[in-house]
Amino acid sequence: MRATPGGPFDKEKKVTPEVMAALNAQYKLDQPLYIQYWDTVTNILKGDLGPSFRYPGRTVNEMILEGLPTTVELGCYALIFALLLGITSGIIAALKKNTWLDYIPMTFSMAGICVPSFLLGPVLVLIFSIHFNWLPVSGWDSFAHKILPSFTLGAAYAAFVSRLSRGGMLEILSQDFIRTARAKGASESQVILKHALKGGMFPVISFLGPAIAGLLSGSFVTESIFQIPGLGRYYVQAAFNRDYTMIMGTTVFLAALIIFFNYVSDVMLIWVNPKLNFDKGQS
Amino acid sequence: MLEVKDLKTYFYTRNGVYRAVEGISFSVKRGEVLGIVGESGSGKSVSQYSLLRLIPSPPGKIVGGTATFDGVDLLNCSQAELQKIRGKKISMIFQDPMTCLNPYMTIGDQIMEPLFIHDKLSKEEAVKKAKNALEEVGIQDALNRLKSYPHELSGGMRQRVMIAMALITEPELLIADEPTTALDVTVQAQILDLIKALQKKKNTGVIFITHDLGVIAGIADRVMVMYAGQVVETAPTAQLFEKPSHPYTRALLSSSPALHARGERLKTISGLPPDLSKEIKGCAFADRCPERNDRNCGSENPKLVELYKDHFVANCEACIHHSPSNTSKA
Amino acid sequence: MSEAVLTLDGQEVEKGRSLWQDAWTRLSKNKAAMLGVFLLAAFVILAIIAPWIAPFSYDAQDLNIGPQAPSSAHWFGTDILGRDLYTRILYGGRISLMVGFLATFVSLVIGVLWGTIAGFVGGRTDSIMMRIVDIMYAIPFILLVILLMVFVNTRDNTNNLLLLFVAIGATEWLTMARIVRGQVMGIRKQEFIEACYSMGISNRQIIFKHLIPNVLGPIIVYATLTVPTVMLTEAFLSFLGLGVQPPMSSWGLLISSGVENMEEYPWLLIYPGLTFSITLFSLNFLGDGLRDALDPKASKD
């Protein structure tokens, strides 16, 4: 990172060499690179992500904690929306395979995958905020403010979840044990909810890990478009401003979060599929 | 108890209409074991699944016929009525217990499910009954076993679980679709004995589907031989083995390894089963029949006729006027 | 798996059809996939011949006209600096499609090599190689790519593009490697490979004549589905200002500037947006169609 040209103070008004030297000394930029690296790593391990270069007097930790709740809130809404819409439409599509109730949700979900959030968001704003004036253009204050961003961020994931649910359900419903359940006299809803659902949702659950990772990184764009004061927007700004510590800090933080959620997703997979646990126990 | 007339089930696929069951009729009395024998593709399984309407509905369709069980028209009754019969009055066990048991549910939950659906028992009562059922099928440590998952059990045990699950509601009719085919020979014998014992004890009617004549000999009271979606011969078991009349039955018997002396060359039936997506003119077995005549075998499809008491066979010369010296004793 | 008229006891049995023929039949029946092929081919051809058919030069500014709605002179209108949008979309297509296909190709090559070696050699080499993949898989790559693009931002456009290919390609090869390795291992265990060995065919022949054709199926499907993912990543990066730099255009950049001006000049957003989405639709439908055609078990009906 340090090897790249351009330092954090270059953009500021011209400062005299002495002041430069003092600033560099304060932020330890004049130390040899390996010492800087060592310092950074030990600090990170201690949980101290250092001060922000861009905004003197504020530490990275502070700024992360400031932006995090908003981003988490946005992510949660988007995820809940994605799961609700995705799973229901996927199950319906699987049950009514090859009818309109299958084609329409699947086409919409294809659209969700093909139209990126930075295109979808503005288009939605164009339609709903500017043209119809039903919803606010940007910001994060009232509930109305939260609708479009959550939808924009969640759309692509709803699309994936929908396709995965459909696929998972179809796969399970074609299995022999579904026929056994019917032969026992179970009603269709019992067959679907009690027998098919657990296995059918398997692909959705394995998708949760990457989905959360995607939601976190997707928040950059959504927050930028809708002017939402969350971690994503800070990250984008830091990248532009070459705020080293901020970038490092947020990257480490986000990476840790993502790795954590992938782990949780793996654990959930094992809980849902007892066979996996058994195989794992055996080896 | 069960009376089936002229059942027809077709599959409508991209490549044509597959006539899996082309007009079969049979009946099962209370407490009787009917064996259905035939090679793969003969329609034996499809015909029984049709009774409970377990055929996947595109592409399959029950095209004709009637099936009456204790006065209820199985093929046309409402879904609600059908669900009351499935698992309670008529139960099924399937060929491959690994794929037929839900891998995500404990076997306890699966065994108790029919009790909750039909008999509306409380949890405690159901657990007790399930434990007894497992013990009846010979599974030790039943109470703990209830918490196991299917993949934790061996093949033979899984099949026992299936049997327990099917019999727990004391059905009047049990349909067993090749329950021993996927098992080792020793386990096969155990399972067969188990089914026989339980059947006698509860006086359950049984329809036993298999391709193995040896198994049929051991368990069935009457046998129905199917070929290409049709019934070619039906008779009481001993009678069938003593006086097999249809060329196909005779060929089956003579090709059975168990019925040959050591070192003798196995006999096979030449040719392949017919393509059921094409309409068959005349007798379906004609192409492979060693006794075909060219007068009517290719043009008429012979109907069943009662040759001996309770012994029905297709009405053709080869069947009726055969030479007894070709048969082997069971 | 080749065509043959088999006879069994003198009776003719149905002709066998090769796997590819079967797949092609299935694919051609899939209307959505065929539409995708058609559109994709059209776009690719347009992109290739762009320099010859574009009515204007992509950086020809005409500050006098400024942004204009679509007209007969400018089919898609003009942007803030008076540049013809249709031309910019054509040229943008060249970049976006090129990044898409090339980065996919990079990830394909790396992934296939890695996966084939791991799967074929097996044993400890396989364990080590796949462990590396697992570790890299856990790292959220998009963050690293962003970091990379931020800090290695050069003025030189070609270097920039190269970096883009490498960065994006480096994120996609992991899944490809996994798929290929899985396939290779599956095939390797099959009996016909043993039969080959016993006939004395060399390793090299086995790999090229037997292994790879059987592994091709999922590779093709996954590659077709990687292209839109790559294009999305490129567009995403361009949107953040980290990808292609002006005056060159990519669809991502065009969309990005379209967003800035969408209130007054909506066409600046709509046309690039439409073209991008349609291309992605085509690729995805094609990829889905290929998946259904090549793997009957995974087929949805």
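The values are calculated or read from the model by the stated rules, or taken from the named source; none is laboratory data. Just so it is clear, the structure is predicted and the values come from calculations on it, not from any experiment. FYI the Cβ positions are ideal-geometry reconstructions off the backbone, even for glycines, and counts take in every protein chain you see.
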Next item on the list: Would you mention how many residues in segment B:124-175 are in a helix (DSSP H, G or I) and either more than 14 Å from every other protein chain (Cβ to nearest Cβ) or surrounded by fewer than 20 Cβ atoms within 10 Å (Cβ to Cβ) (or both)?
Entry: 20
Check: Of all the residues that make up segment B:26-53, how many are of a type in the set (Ser, Thr, Tyr) and over 14 Å from the mean Cα position of the chain (by Cα)?
Finding: 0
Next item on the list: Kindly indicate whether B:Ala182 is in contact (Cβ under 8 Å) with a residue 60 or more places away in the chain, in a loop (DSSP other than H, G, I, E, B) and under 29 Å from A:Met169 (Cα atoms).
Entry: yes
Notebook entry, point to check: Within segment A:132-158, how many residues are part of a loop (DSSP other than H, G, I, E, B) and of a type in the set (D, E, K, R)?
Noted result: 1
Next item on the list: Kindly check whether there is at least one residue in segment A:172-189 that is among the small types (Gly, Ala, Ser), in contact with a Lys or Arg (Cβ under 8 Å, 6 or more places away or on another chain) and within 27 Å of C:Asn284 (Cβ to Cβ).
Entry: no
Next item on the list: Mind listing whichever residues of segment A:69-87 are aromatic (Phe, Trp, Tyr) and within 12 Å of the chain's Cα centre (by Cα)?
Entry: A:Tyr77
Next item on the list: Report those strands (runs of 3 or more DSSP E) wholly inside segment B:1-111 carrying at least 2 residues which are of a type in the set (S, T, N, Q).
Entry: B:2-13, B:16-28, B:60-69
Check: Which residues, taken from segment C:247-261, are at pLDDT 80 or above and of a type in the set (A, V, I, L, M, F, W, C)?
Finding: C:Trp251, C:Leu253, C:Leu254, C:Ile255, C:Val259
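Table: residues versus (1) outside any loop (DSSP other than H, G, I, E, B); (2) surrounded by fewer than 18 Cβ atoms within 10 Å (Cβ to Cβ); (3) modelled with pLDDT of 80 or more.
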| position | (1), (2), (3) |
| --- | --- |
| B:Phe241 | yes, no, yes |
| B:Ser245 | no, no, yes |
| B:Thr249 | yes, no, yes |
| B:Leu252 | yes, no, yes |
| B:Ala258 | yes, yes, no |
| B:Arg262 | no, yes, no |
| B:Leu266 | no, yes, no |
| B:Lys278 | no, yes, no |
Notebook entry, point to check: Has segment A:214-230 got any residue that is part of a loop (DSSP other than H, G, I, E, B), crowded, with 22+ Cβ neighbours inside 10 Å and away from chain B (no Cβ under 14 Å)?
Noted result: yes
Note to self: Pairs please, first residue from segment A:248-264 and within 17 Å of A:Ser219 (Cα to Cα) and within 9 Å of chain C (Cβ to nearest Cβ), second anywhere and among the basic types (Lys, Arg) and surrounded by fewer than 18 Cβ atoms within 10 Å (Cβ to Cβ), Cβ atoms under 7 Å, 6+ apart in sequence or on different chains.
What the structure shows: none
Checklist line | Test: A:Ala211 is at the interface with another protein chain (Cβ under 9 Å from one of its Cβ atoms) and on the phi < 0 side of the Ramachandran plot | finding: no
Item checked: Filtered residues of segment B:103-113 (kept if modelled with pLDDT of 90 or more and at the interface with chain A (Cβ under 7 Å from one of its Cβ atoms)) -> B:Glu113
Next item on the list: Would you point out which residue out of C:Phe38, C:Phe43 is modelled with pLDDT of 80 or more, in contact with a Gly (Cβ under 8 Å, 6 or more places away or on another chain) and either outside any helix (DSSP H, G or I) or closer than 21 Å to C:Gly92 by Cα (or both)?
Entry: C:Phe43
Next item on the list: Search segment A:185-200 for residues being buried (at least 22 other Cβ atoms within 10 Å of the Cβ) and within 8 Å of chain B (Cβ to nearest Cβ), and hand back the single one that is farthest from B:Ile85 (Cα to Cα).
Entry: A:Gly199
Note to self: Here is a list: C:Val230, C:Val244. Which entry is more than 9 Å from every other protein chain (Cβ to nearest Cβ), under 13 Å from A:Pro116 (Cα atoms) and β-branched (Val, Ile, Thr)?
What the structure shows: C:Val230
Margin query: Restricting to segment C:258-287, and then to whatever is facing another protein chain (nearest Cβ under 7 Å) and more than 22 Å from C:Val44 (Cα to Cα), can you tell me which residue is surrounded by the most Cβ atoms within 10 Å (Cβ to Cβ)?
Written below: C:Val259
Next item on the list: Considering each residue of segment B:216-239, count those that are farther than 17 Å from B:Ser25 by Cβ and crowded, with 22+ Cβ neighbours inside 10 Å, and give that number.
Entry: 2
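So that you can scan it fast, the table gives a plain yes or no per residue for (1) at pLDDT below 80; (2) more than 14 Å from chain A (Cβ to nearest Cβ); (3) closer than 29 Å to C:Leu40 by Cβ:
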{"site": "C:Ser96", "(1), (2), (3)": "no, no, yes"}
{"site": "C:Val99", "(1), (2), (3)": "no, yes, yes"}
{"site": "C:Ile110", "(1), (2), (3)": "no, yes, yes"}
{"site": "C:Arg124", "(1), (2), (3)": "no, yes, no"}
{"site": "C:Ser127", "(1), (2), (3)": "no, no, no"}
{"site": "C:Ile132", "(1), (2), (3)": "no, yes, no"}
{"site": "C:Leu143", "(1), (2), (3)": "yes, no, no"}
{"site": "C:Leu147", "(1), (2), (3)": "yes, no, no"}
{"site": "C:Asn153", "(1), (2), (3)": "yes, no, no"}
